[in-house]
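Engineer: This is the structure, below, for whatever I ask next.
The numbers here are math on the coordinates, done by the rules we state, and not lab data. Bear in mind the structure is a predicted one, so any value in this text is a computation, not a measurement. Cβ: placed from backbone, ideal geometry, glycine included. Neighbour counts: every protein chain shown.
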Amino acid sequence: MRAGRLLSLLVALAAGAAAGCGEAGPPPLRVGVASSLGGVVDTLIGGDERVEVVAASSGRLAAQTRAGAGFDVLVLAGTERMERLAEEGRVLPATVREVADNRLVLAARRADPTRPGAHRVLAVAEPATVPLGRYTRQAIASGRLRTPLPPAVVYGASAAQVAAFLRAGEVDLAFLYASDAGPGSGLLVVEEVAGDAHEAIAYPGAVVAGAADPARAAALLGSLTDGRGRAAFRAAGFSDPPGG
């Protein structure tokens, strides 16, 4: 009799635990975003515990996606990587949309002199792995820059790291996204690079193939491109996509 009561108690506890698990709700959505977008996406998400934001270089995010990192939504800098992921079936092609655009600038710290010859070290992003570095290489190769460039070059592993080098005073000039050199950044735009001196700077987003809840993932991606999302990106120095 005692054993029977114990068995009944265990069954009841197991049933209660199962019911509790059912009330826990779906797991958080994992959103991988290019490092230059991290701050805006964090602002839009607003500390929502149902969403986990992972900000990193686009090259790293693409590699992690291929390795099965478990992202539900992906937003990268540059269209090339997203196109390859779509071709490989890593993201759902029908969900790919442009989230925001940006511009390339050459910047210095506001506290530093900007006269020609005063700058000795330049920071750029790695052109082989970071889209910002690729745009920078294209701009330099165009021969259309007006500002003399320093002889020494330091490479950053992400757009965020290049901006950090400049803010810390470790370099004198840096090629940055305009969104990283806006009001409140403590940086001064020395030159705005002509848009046709490099490929368009676009940030495509997509739902990742195998997302735990594709509908929730698509809704979250949509929230980045609705009216509130567009306003947040503009306030951070980004621009709307063509036709956006």
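Engineer: What net charge is computed for the residues neighbouring VAL40, neighbours being all others with C-beta under 15 Å from the C-beta of VAL40, Lys and Arg scored +1, Asp and Glu -1?
Structural biologist: -4
Engineer: Between VAL54 and residues 5 or more places away or on another chain, which pairs have amide H atoms under 5 Å apart, with H built 1.01 Å from N, and which residues are they?
Structural biologist: For VAL54, whose amide H was placed from the backbone, the distant partners under 5 Å are VAL31, GLY32, VAL33.
Engineer: For region 218-231, what does the Karplus curve 6.51 cos²θ - 1.76 cosθ + 1.60, with θ = phi - 60°, yield as ³J(HN,Hα) per residue in whole Hz, taken in order and with x for Gly and Pro?
Structural biologist: 5, 5, 5, 4, x, 5, 7, 10, 7, x, 5, x, 4, 4
Engineer: Counting Lys +1, Arg +1, Asp -1, Glu -1, what net charge surrounds ASP72 among other residues with beta carbon under 14 Å of its beta carbon?
Structural biologist: Once positives and negatives cancel, what remains is +1.
Engineer: Okay, moving on. Quick check on region 104-197: of the DSSP beta bridges with both residues there, what percent are antiparallel, nearest 5%?
Structural biologist: Here the share of antiparallel DSSP bridges comes out near 55 percent.
Engineer: To continue, here is another question. Got a sec? Which residues in region 71-106 would a label at ASP226 touch, if it sits 7 Å along Cα→Cβ and we count backbone N under 18 Å?
Structural biologist: It comes to 73, 97-100, nothing else.
Engineer: For the pair ASP48/ARG84, report the inter-label distance in nm, with labels modelled 7 Å from Cα in the Cβ direction.
Structural biologist: 3.0 nm
Engineer: So for the chain: antiparallel DSSP bridges make up what percent, rounded to the nearest 5?
Structural biologist: 55 percent
Engineer: Would you order SER223, SER57, SER36 from fewest to most other beta-carbon atoms within 10 Å of each residue's own beta-carbon?
Structural biologist: Fewest-to-most ranking of SER223, SER57, SER36: SER223, SER57, SER36.
Engineer: Here is a follow-up. Using only Cα atoms and rounding to the nearest 10 degrees, what angle (0 to 90) does helix 131-142 make with the longest principal axis of the chain?
Structural biologist: 20 degrees
Engineer: With only Lys, Arg, Asp and Glu charged, each at its Cβ (+1 for the first two, -1 for the last two), find how big the charge dipole of the chain is about the Cα centre; round to the nearest 20 debye.
Structural biologist: 360 debye
Engineer: What angle do you read, to the nearest 10 degrees and between 0 and 90, between the alpha-carbon axis of helix 2-22 and the longest principal axis of the chain?
Structural biologist: Tilt relative to the chain: about 30 degrees.
Engineer: Suppose only helical runs count, i.e. DSSP H with n ≥ 4. What mean residue ellipticity at 222 nm does that imply for the chain under -39500 (n - 2.57) per run, divided by all residues and rounded to the nearest 500 deg cm²/dmol?
Structural biologist: Computed ellipticity for the chain at 222 nm equals -11000 deg cm²/dmol.
Engineer: Now, a different point. Using only the alpha carbon atoms of the chain, find the Kirkwood hydrodynamic radius as the inverse mean reciprocal pair distance, in angstroms to one decimal.
Structural biologist: Value: 19.8 Å, from the Cα pair sum.
Engineer: Under the definition of Cα pairs under 8 Å and six or more residues apart, what whole-number percent is the relative contact order of region 88-240?
Structural biologist: Rounded, it is 39 percent for region 88-240.
Engineer: If you don't mind, another one. Within region 69-178, which trypsin sites (Lys or Arg not before Pro) sit in a loop by DSSP and count at most 15 neighbouring Cβ atoms inside 10 Å?
Structural biologist: Loop-located and lightly packed - ARG110, ARG120, ARG144, ARG146.
Engineer: Turning to a different aspect of this structure: For ILE201, enumerate residues with amide H under 5 Å from its amide H, sequence gap 5+ or separate chain, H modeled in the peptide plane.
Structural biologist: Amide H neighbours of ILE201: ASN102.
Engineer: Now for a separate question. Within 10 Å of each candidate Cβ there may be at most 14 other Cβ atoms; applying that plus a DSSP loop requirement, which GluC sites (Glu not before Pro) in region 53-100 survive?
Structural biologist: Hits after loop and neighbour filter: GLU88.
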